[in-house]
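*Asks:* Have a look at this one before I ask anything.
Every number in this text was worked out from the coordinates using simple rules, so none of it is lab data. Since this is a predicted model, take the numbers as computed values, not measurements. Here the Cβ is made from the backbone with ideal geometry for all residues, glycine too, and neighbour counts use every protein chain on show.
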Ligand code: ATP
């Protein structure tokens with residue numbers, strides 16, 4: 001059966017355990033075989049991104065250092081200007097045409113799907129995995145573009161175009177909440193639970209999010 005590769009994009013400003021544990025659950029349950037994590041290129045202090053792509057990439061590498069199923073990609077950061085997801089998906093598909101890709105989003109993101117650039121092209125390039133995120137409800141909008149998979153095995157049988165809802169660890173964490181705590185110089189248990197210790201040390205060493 002075909003190999004399944006999760007494509008996990010975001011700003012990761014910074015990466016937190018909600019990202020790490022959700023992706024790990026997808027891999028540990030065998031829902032996917034491997035994952036590519038792709039931080040988006042966004043200018044610092046515009047669109048809410050607070051630190052450079054170089055720092056966000058470095059923190060992701062630390063967060064996933066012990067998991068060789070996960071590759072961190074600079075495919076978007078290496079471009080001069082912000083890129084559309086559909087371009088990234090096309091490039092991945094072009095490089096590995098036989099692989100089945102699963103674009104992974106939290107349930108908050110799927111609510112926005114109608115506004116994505118050339119969203120109608122997505123089903124020919126990828127499946128969609130929607131991970132439950134506390135406080136947000138799954139949107140029905142994605143059903144316009146993707147057909148519901150009845151189980152995870154369908155993602156291997158069909159090349160693309162299916163939507164699969166995944167109930168992961170449902171950690172109530174966001175980068176926004178992490179940034180707020182860091183700005184308040186919080187160093188208590190909430191932060192050490194929210195981000196991997198290597199990421200916390202990196203943030204402190206580089207004086208980020210103050
Ligand atoms: P911010 O608070 O800055 O908006 P964020 O925590 O939502 O950031 P992103 O980098 O925007 O993090 O998210 C990347 C992807 O991870 C998105 O698809 C998002 O829905 C998903 N995600 C983020 N946090 C969680 C979580 N706690 N559980 C599951 N998915 C999550």
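*Asks:* Using the Kirkwood formula on the Cα atoms of region 4-203, what hydrodynamic radius do you get, in angstrom to one decimal? Display every interim value, and only then the final one.
*Replies:* Working: mean 1/r = 0.0580 Å⁻¹.
Every distinct Cα pair counted, the radius reaches 17.2 Å.
*Asks:* I've got another one for you. D for region 169-210, whole µm²/s, Stokes-Einstein with Kirkwood Rh over alpha-carbon pairs at 4 °C and 1.567 mPa s: what number?
*Replies:* For the chosen part, D equals 123 µm²/s.
*Asks:* So, one more: With 10 angstrom as the radius, rank 55, 19 by how many other C-beta atoms surround their C-beta, starting from the fewest.
*Replies:* Arranged by neighbour count, lowest to highest, 55, 19 become 55, 19.
*Asks:* Next up: For a Förster distance of 41 Å, can you work out the FRET efficiency between the beta-carbons of residue 1 and residue 193, rounded to the nearest 0.05?
*Replies:* 0.65
*Asks:* Let me ask something additional. Let me know the Rg and Dmax you get for region 112-210 when you use only its Cα atoms, in Å.
*Replies:* 18.2, 49
*Asks:* Relative contact order for region 4-203: what is it in percent, counting Cα pairs under 8 Å that are at least 6 residues apart?
*Replies:* The normalised contact order for region 4-203 reaches 25 percent.
*Asks:* For the residue pair residue 177 and residue 204, what label-to-label distance in nm results when each label sits 7 Å from Cα along the Cα-to-beta-carbon direction?
*Replies:* If labels sit at residue 177 and residue 204, their model points lie 2.2 nm apart.
*Asks:* Can you give the calculated 222 nm mean residue ellipticity of the chain, where each DSSP H run of n ≥ 4 adds -39,500 (n - 2.57) and the sum is split over every residue, rounded to the nearest 500 deg cm²/dmol?
*Replies:* -9000 deg cm²/dmol
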